[in-house]
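Peer 1: Could you have a look at this structure, given as structure tokens, before my questions?
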Amino acid sequence: MNDPDETAGLDEQLELGSEAALLVDSLSPAEAARLADLLQEARATQTVDVHTALDSMVAAIPPGVRGRVRKVLHGGRR
Amino acid sequence: MSLAVDSELQRLARLLRCRTRDLDFLGRFAAAEIRALRLTVFARMYADHETTYSRIASASRLLPTKVTAPLAQRRLPARVSAGVVASLPPDAAAAMSARMSADYVADVSGFLHPVLSAPVLSRFPVDVILRVAAVLTDREDYDTMAEVVSALSDEQVAAVIDAIEDPAVLVQVALRVTDPDALQHLTGIIPEARLREMVVWARRRTRLWPELVALLGRLPATQRKRLLSAARAS
């Protein structure tokens, strides 16, 4: 039986539907931890990519509308 | 390991930016279970940046499509673009796709959520879909082709089937469809003559023939009969 503490990483990151929950419950603690690590790494990398893309996009926008676009991209701030 | 399971592992590995062999421990599960896990992971990763994707979509409306399409292509990695797609008004996304290279749209297709992106993809002009399908066929990226089937309209799927001359490609795609509704959608549209070509081709492949037979079990009775009749006629 799996130790609930070991699979907490995945449970915390995912709202598991029934089919996915069955799979996750069948994983060994080591497998669940490995999957949680992979997911955490992928999420962190995606966050970096999104922020980098935003900066890159703003820099490439024509100066006349850059301020308005930047304001929308930052949710009305700036 | 079946092609469907292998395909799901490849899609999950792409999503998690890891090697497929890092996920070998999931190979003992059914394709449907891995798919459910993948879509849950997808939803989590989309939710992380949903607000930002939505803001990028809003900002794109401040500029004409002839500016935003090349800008997005140059500045947004395919993974980020795929996130933005679901937040774009479908007609705007379709107009942008027509101004982007087929290679870029093919890249983005590999990261689209099949459910979230369906309202958008189904509005893409057929000629864009055909150009992207040609790129994916050249790349032998059957995993992506099989995954987007559920998001395309009957007209788009029929056009792609018509454009793909090689029955091997149709078999490779069909065997990688893991969404039961998408499989039904695809096999329901493939004309009888093409089904027969697919059966003839698969019969000569000892590895793929059992996969095609197993696929029968995933089809509703009416379509199973159709495929069996194609097999008998071939």
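The values are calculated or read from the model by the stated rules, or taken from the named source; none is laboratory data. The model shown is predicted, which means the values in this text are computed figures rather than measured ones. All Cβ positions, even for glycine, are placed from backbone atoms using ideal geometry, and neighbour counts span all protein chains on display.
Peer 1: Does B:Leu88 meet the test of being more than 8 Å from chain A (Cβ to nearest Cβ), closer than 30 Å to B:Pro180 by Cα and not acidic (Asp, Glu)? Break it down into steps so the answer makes sense when it comes.
Peer 2: On the way: more than 8 Å from chain A (Cβ to nearest Cβ): yes; closer than 30 Å to B:Pro180 by Cα: yes; not acidic (Asp, Glu): yes.
When the stated conditions are applied, B:Leu88 passes them.
Peer 1: A further question on this structure: Restricting to the stretch B:16-34, give me the number of residues that are in a helix (DSSP H, G or I) and either over 19 Å from B:Asp179 (Cα atoms) or facing chain A (nearest Cβ under 8 Å) (or both). So that I can check it myself, show each step before the final result.
Peer 2: So in the stretch B:16-34, the residues in a helix (DSSP H, G or I) come out as B:16, B:20-26, B:31-34.
Still in the list and also either over 19 Å from B:Asp179 (Cα atoms) or facing chain A (nearest Cβ under 8 Å) (or both): B:16, B:20-26, B:32-34.
Residues meeting the conditions: 11.
Peer 1: Among the residues of the stretch B:199-214, write down those that are surrounded by fewer than 22 Cβ atoms within 10 Å (Cβ to Cβ) and not in a loop (DSSP other than H, G, I, E, B). Reasoning before the result, please.
Peer 2: Taking the stretch B:199-214 as the starting set, the residues that turn out to be surrounded by fewer than 22 Cβ atoms within 10 Å (Cβ to Cβ) are B:199-201, B:203-214.
Across the stretch B:199-214, the qualifying residues are B:Val199, B:Val200, B:Trp201, B:Arg203, B:Leu208, B:Trp209, B:Pro210, B:Glu211, B:Leu212, B:Val213, B:Ala214.
Peer 1: Checking B:Ala31 against (1) among the small types (Gly, Ala, Ser); (2) crowded, with 16+ Cβ neighbours inside 10 Å; (3) within 17 Å of A:Ala32 (Cα to Cα), which single condition isn't satisfied?
Peer 2: Failing condition for B:Ala31: (3).
Peer 1: Anything in the stretch B:87-123 that is part of a loop (DSSP other than H, G, I, E, B) and closer than 15 Å to B:Leu39 by Cα? List them, or say none.
Peer 2: Within the stretch B:87-123, B:Gly110, B:Phe111, B:Leu112, B:His113, B:Pro114, B:Val115, B:Leu116, B:Ser117 meet the criteria.
Peer 1: Limited to the stretch B:186-198, what total is found for residues that are surrounded by fewer than 20 Cβ atoms within 10 Å (Cβ to Cβ) and of a type in the set (A, V, I, L, M)?
Peer 2: Matching residues across the stretch B:186-198 total 2.
Peer 1: Return the residues of the stretch B:41-79 that are of a type in the set (A, V, I, L, M, F, W, C) and either within 7 Å of another protein chain (Cβ to nearest Cβ) or not in a helix (DSSP H, G or I) (or both); say none if nothing qualifies.
Peer 2: At the first step, the residues of the stretch B:41-79 found to be of a type in the set (A, V, I, L, M, F, W, C) are B:41-43, B:45, B:47, B:56-57, B:59, B:62-63, B:67, B:69, B:71-72, B:76, B:78.
Across the stretch B:41-79, the qualifying residues are B:Val41, B:Met45, B:Ile56, B:Ala59, B:Leu62, B:Leu63, B:Leu71, B:Leu76.
Peer 1: So for the stretch B:125-148 (the condition being at pLDDT below 95, touching a Ser or Thr at 6+ places or on another chain (Cβ under 8 Å) and not in a helix (DSSP H, G or I)), does at least one residue qualify?
Peer 2: Yes, there is a match, as at least one residue in the stretch B:125-148 is at pLDDT below 95, touching a Ser or Thr at 6+ places or on another chain (Cβ under 8 Å) and not in a helix (DSSP H, G or I).
Peer 1: Which of the residues spanning the stretch A:55-70 are of a type outside the set (Gly, Ala, Ser) and either at the interface with chain B (Cβ under 8 Å from one of its Cβ atoms) or outside any helix (DSSP H, G or I) (or both)?
Peer 2: Passing the criteria: A:Met57, A:Ile61, A:Pro62, A:Val65, A:Arg68, A:Val69.
Peer 1: Of the conditions (1) surrounded by fewer than 18 Cβ atoms within 10 Å (Cβ to Cβ); (2) touching a Leu at 6+ places or on another chain (Cβ under 9 Å), B:Phe111 satisfies every one except a single condition; which number is it?
Peer 2: (1)
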